[in-house]
Structure formats: C-alpha cells, structure tokens
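Here is the structure we will look at.
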Amino acid sequence: MSLGFKLYSFFNGNLVKQDSLGNKYYQDKNNPSKRWVVYAPDFGPESLPTQFHNWLHNTSDEISSFELEEKSQESFVKRRVQKHSVKHKENMDKGYKSWQPK
C-alpha cells in the first residue's frame with residue numbers, strides 16, 4: 001500500500017470498521033457511497049468476508065457485527081486461496097511451446 005493512499009484515506013475517509021485480520025474499511029467524508037478497504041499486511045482481496053464485500057460494493061449499507069477469531073479467519077482465507085488457485089504443471093507441456101516474441 002502506498003504512502004499516498006494511506007494519507008488519502010486518513011484525510012478524506014472515515015474509518016468505519018476494522019476486521020479481525022486488520023483490514024480497514026473506509027467511507028468518503030463527502031460521498032458516503034464511495035467506499036474502500038486498506039488491506040492488512042500479507043492479505044489481499046481474498047481476505048474479505050462476504051458481508052464486507054457486499055458493503056464495499058454498495059449492495060448492503062450495514063456491516064454486521066459478525067467476527068471470527070483471527071486464527072479461524074486466517075484458515076478460512078488460506079482454504080479459499082487454495083480452492084481457487086491454479087496449479088501449474090511444468091512437466092506436462094505435451095509438446096506445446098508458447099509463442100515468444102523476438
């Protein structure tokens with residue numbers, strides 16, 4: 001996260017909530033429909049619980065008080081990433097060579 005974005009969040013946003021992983025959710029002071037998240041270190045979009053995702057995309061105006069323990073939240077995130085990750089098999093190219101520009 002850049003220093004400029006952190007400064008922008010500090011001066012132009014209201015901190016609405018911080019989840020158990022350390023993700024911080026902001027709402028613009030002048031335009032309440034403008035919302036964003038500052039991810040905790042070592043986390044990204046896959047760490048967002050559904051209710052926070054819905055709030056960020058203006059699907060819901062409420063952030064429920066549902067909180068998981070940090071360890072269970074981290075294990076949930078790891079399972080989600082593992083479920084959606086693509087495993088590359090380098091040994092099984094089956095004679096195909098991708099095009100390389102010259």
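The values are calculated or read from the model by the stated rules, or taken from the named source; none is laboratory data. Everything numeric here is computed off the predicted structure, so don't read it as measured data. A quick note on method: Cβ atoms are made from the backbone with ideal geometry, for glycine too, and the neighbour counts reach across all protein chains shown. Ligands, DNA and RNA are stripped out before the accessible areas are found, and what is left, the full protein with its side chains, is counted by its heavy atoms. Shrake-Rupley method; radii C 1.70, N 1.55, O 1.52, S 1.80 Å.
Does residue 89 count as in a loop (DSSP other than H, G, I, E, B) and modelled with pLDDT under 70? Answer is yes for this residue. When the residues of region 54-75 are filtered to those that are modelled with pLDDT of 70 or more and open to solvent by 60 Å² or more (accessible area, probe 1.4 Å), which remaining residue is nearest to residue 44 (Cα to Cα)? Within region 54-75, the match that is nearest to residue 44 (Cα to Cα) is 57.
Among the residues of region 14-29 satisfying the criterion of being open to solvent by 60 Å² or more (accessible area, probe 1.4 Å) and either part of a strand (DSSP E or B) or without any contact (Cβ under 8 Å) to a residue 12 or more places away in the chain (or both), which is farthest from residue 48 (Cα to Cα)?
Ranking the qualifying residues of region 14-29, first place goes to 14.
Can you tell me which residues in region 18-35 are touching a Lys or Arg at 6+ places or on another chain (Cβ under 9 Å) and at pLDDT 90 or above? Passing the criteria: 24, 25, 26, 27, 28. If you go through region 1-13 and pick out every residue that is open to solvent by less than 60 Å² (accessible area, probe 1.4 Å), free of Cβ contacts under 8 Å to residues at least 24 places away in the same chain and under 27 Å from residue 77 (Cα atoms), you end up with 1.
Could you list, in sequence order, the residues of region 11-26 that are aromatic (Phe, Trp, Tyr) and more than 11 Å from residue 38 (Cα to Cα)? Correct list: 11 only. For residue 11, the test of being assigned to a helix (DSSP H, G or I) and at pLDDT 90 or above is passed.
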